[in-house]
Amino acid sequence: MEREHAIDGAIDAVREREKYHSKTVLEWHRHGLKDGDKLSLPGREKAAAESAESRILVNRGVPTLAIGSDKLRTQETAGLLLHGDKLEPEFVTAYENVDGLVKKINADYGVKVGTKIAKDKRLGFNFAEGEYKTAAYAADGRKEFLKWTVEESDSLAEKCGDRQSSSYRRIASSVSEFVLKYVQVEKNFDRLLKRKRDEDVSLKQEIADTMQRIVVSHSGVIDVFLAKVIEDSKGINARDEFVKALGDSGFAPLEGFSMEIITNTVGSEPIIKIDYDKKDDEGKIVFSFHESMNSEFFKRIVEAERK
């Protein structure tokens, strides 16, 4: 309770300092420990335990959805991060499949139309059969998948004539499209917020100025995306420092970063702010990335892949 009060105060302080009108918060995570295309029991328990932190904005009344890729393990992780600490431990260990988890979460939220757990294929990946897939799996076996992807995957895909597999630029483009979707969502939200405030000028009823999305994807996707963002904003040397900080292999289970799409004044173009700190086993920060960019930055990543 004390921690939630402290974070409430911190959010209010940030709002006062930034003077934003509205924002959409995207919390990015790799899925939890897996067993095939579902979470292992330790993976379930860890994701559910992590939800206490994910739910801080939910508990403040911030509208929140969870989003995974087309892989079930991401949707399962997303649901547990959204609602895990509100589930009985016996349910967490016993539910039979992801559908059962989603039904329980939707019922607890009183959802009758739609769902609290969405999916978006742009958060997924694909490897076509052939030389590229063999090389990708070999890099993963060496625990060098992230390093291999940022350094070699594009040239190998071009050499092989592979137009399907998830290479460096393709992953960055796909996830950037997802980000741009939420830039538009934020613009729509900002317009809605203004209309509601205009309708209730006395603000008799508190109106949430923030939306949250818990976004769950894969190692080899969101860390690859972040590597491209770092490269295009800070240069190749910074990108390589990031890759090295991750041990060349990528994000650990549940690891990720924060993104805020912020509209500072009514109707202004949103700014996208990304925050990431990598800590070692002793809690020391070994790599940091805290940058803001506009939507044109992500459009360029998308357009570069389409050329």
Built amide H within the under 5 Å cut-off of Gly250, gap 5+: Leu146
The range 81-120 - charge dipole about Cα centre, Lys and Arg +1 at Cβ, Asp and Glu -1, debye rounded to 20: 240 debye
Per-residue HN-Hα couplings for the range 22-33 [Karplus 6.51, -1.76, 1.60; θ = phi - 60°; Hz; x = Gly/Pro]: 7, 7, 10, 9, 10, 9, 9, 9, 6, 5, x, 4
Phi to ³J(HN,Hα) by Karplus 6.51 cos²θ - 1.76 cosθ + 1.60 over the range 187-195, Hz, x for Gly, Pro: 4, 5, 4, 4, 5, 5, 4, 4, 4
Phi to ³J(HN,Hα) by Karplus 6.51 cos²θ - 1.76 cosθ + 1.60 over the range 47-54, Hz, x for Gly, Pro: 5, 5, 5, 5, 5, 4, 6, 4
Residue among Ile230, Ser258, Ala208 farthest towards the positive dipole end of the range 182-265, charges placed on Cβ: Ala208
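Rounded to the nearest 0.05, what FRET efficiency do Asp280 and Glu90 have when you use their Cβ-Cβ distance and R0 = 45 Å? Mind dumping the intermediate values first?
Values: r = 36 Å, r/R0 = 0.80.
With R0 = 45 Å, the Cβ-Cβ based efficiency is 0.80.
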Average Cα contact separation per residue, the chain, under 8 Å, 6 or more apart, as relative contact order %: 28 percent
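Test of understanding: ordering Thr77, Thr265 by Cβ neighbours within 10 Å, fewest first, what list do you get?
Values: Thr77 34, Thr265 10.
Neighbour counts put them in this order, fewest first: Thr265, Thr77.
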Compactness relative to 2.2 N^0.38 Å, alpha carbon Rg of the chain: 1.02
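Relative to the present Cα-Cα distance, how much length would full extension add between Ser155 and Lys121 at 0.36 nm per residue of separation? Write down the numbers at each step before the final one.
Values: separation 34, 0.36 × 34 = 12.24 nm, distance 2.41 nm.
Here the segment from Ser155 to Lys121 would lengthen by 9.8 nm.
Taking DSSP loops as anything outside H, G, I, E and B, show the longest stretch in the chain free of GluC sites (Glu not before Pro) there with at most 13 other beta carbons within 10 Å. Before the final figure, lay out the partial values.
Working: sites that count: Glu96, Glu129, Glu206, Glu282.
Value returned for the longest uninterrupted segment is 1-95.
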Val266, Val113, Val302 arranged by Cβ crowding within 10 Å, fewest neighbours leading: Val113, Val266, Val302
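Only the coordinates and a few stated rules stand behind these numbers; no lab work does. Since the model is a prediction, treat every value here as computed from it, not as a measurement. Cβ atoms come from the backbone with ideal geometry, glycine included; neighbour counts cover every protein chain shown.
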